[in-house]
1. If you scan the range 32-47, which residues turn out to be within 28 Å of residue 81 (Cα to Cα) and loosely packed, with under 13 Cβ neighbours inside 10 Å?
2. Give just the number: which of (1) at pLDDT below 90; (2) surrounded by 16 or more Cβ atoms within 10 Å (Cβ to Cβ) does residue 21 not satisfy?
3. Taking the range 69-97, which residues are in a loop (DSSP other than H, G, I, E, B) and at pLDDT 90 or above?
4. Quick check, is residue 66 over 12 Å from the mean Cα position of the chain (by Cα) and either modelled with pLDDT of 95 or more or surrounded by fewer than 10 Cβ atoms within 10 Å (Cβ to Cβ) (or both)?
5. Go through (1) in contact with a Ser or Thr (Cβ under 8 Å, 6 or more places away or on another chain); (2) over 14 Å from residue 5 (Cα atoms) for residue 80 and report which single condition fails.
6. Evaluate the following for residue 46: is it of a type outside the set (S, T, N, Q) and either under 12 Å from residue 32 (Cβ atoms) or modelled with pLDDT of 95 or more (or both)?
7. Would you be able to say whether some residue in the range 14-28 is in contact with a helix residue (DSSP H, G or I) (Cβ under 6 Å, 6 or more places away or on another chain), among the small types (Gly, Ala, Ser) and free of Cβ contacts under 8 Å to residues at least 40 places away in the same chain?
Amino acid sequence: MLSLNARISDHDLSSRIKNTIKWLQKNYEVRVLISGSSTDANNNEIINKIINNIQSNTTNYGKISQKSNKGGNMKFKITPIPNNVGSDEKSDERQSA
């Protein structure tokens, strides 16, 4: 489970995305919770920006599904794409040969 706050900094978000990609490459399903304030008017906009950032960076490794939004919190899961499991290892082997 990857838990994020809607006020996460760009650097911290990129670190979490890199970790997510590593987990997807290991064929792990990643569940994400983005918590925000239900009273903040910009909450949905901020959460959508975070989701778009995650989606654009993990598109080659996983697919986002089962989005649910309750009380300012967004939950979804990213399931790995089977074709890309171990693809980095194979490309490393080709380069060394």
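The values are calculated or read from the model by the stated rules, or taken from the named source; none is laboratory data. Note that the structure is predicted; figures quoted are calculated from it, not measured. Virtual Cβ from ideal backbone geometry, glycine too; neighbours counted across all protein chains shown.
1. Of the residues in the range 32-47, the ones within 28 Å of residue 81 (Cα to Cα) are 32-35, 44-47.
Correct list: 45 only.
2. Failed condition: (1).
3. The first filter runs over the range 69-97 and keeps only residues in a loop (DSSP other than H, G, I, E, B), leaving 71-72, 81, 85-86, 97.
Residue satisfying the conditions is 81 alone.
4. Details: over 12 Å from the mean Cα position of the chain (by Cα): yes; either modelled with pLDDT of 95 or more or surrounded by fewer than 10 Cβ atoms within 10 Å (Cβ to Cβ) (or both): no.
Spelling it out, it is not the case that residue 66 is over 12 Å from the mean Cα position of the chain (by Cα) and either modelled with pLDDT of 95 or more or surrounded by fewer than 10 Cβ atoms within 10 Å (Cβ to Cβ) (or both).
5. Condition not satisfied by residue 80: (1).
6. So residue 46 fails the test.
7. Scanning the range 14-28 turns up no residue that is in contact with a helix residue (DSSP H, G or I) (Cβ under 6 Å, 6 or more places away or on another chain), among the small types (Gly, Ala, Ser) and free of Cβ contacts under 8 Å to residues at least 40 places away in the same chain.
Listed here are the residues, each with its yes/no results for (1) closer than 20 Å to residue 72 by Cα; (2) under 11 Å from the mean Cα position of the chain (by Cα).
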site	(1), (2)
2	yes, yes
5	yes, no
8	yes, no
15	no, yes
25	no, no
31	yes, yes
42	yes, no
45	yes, no
48	yes, no
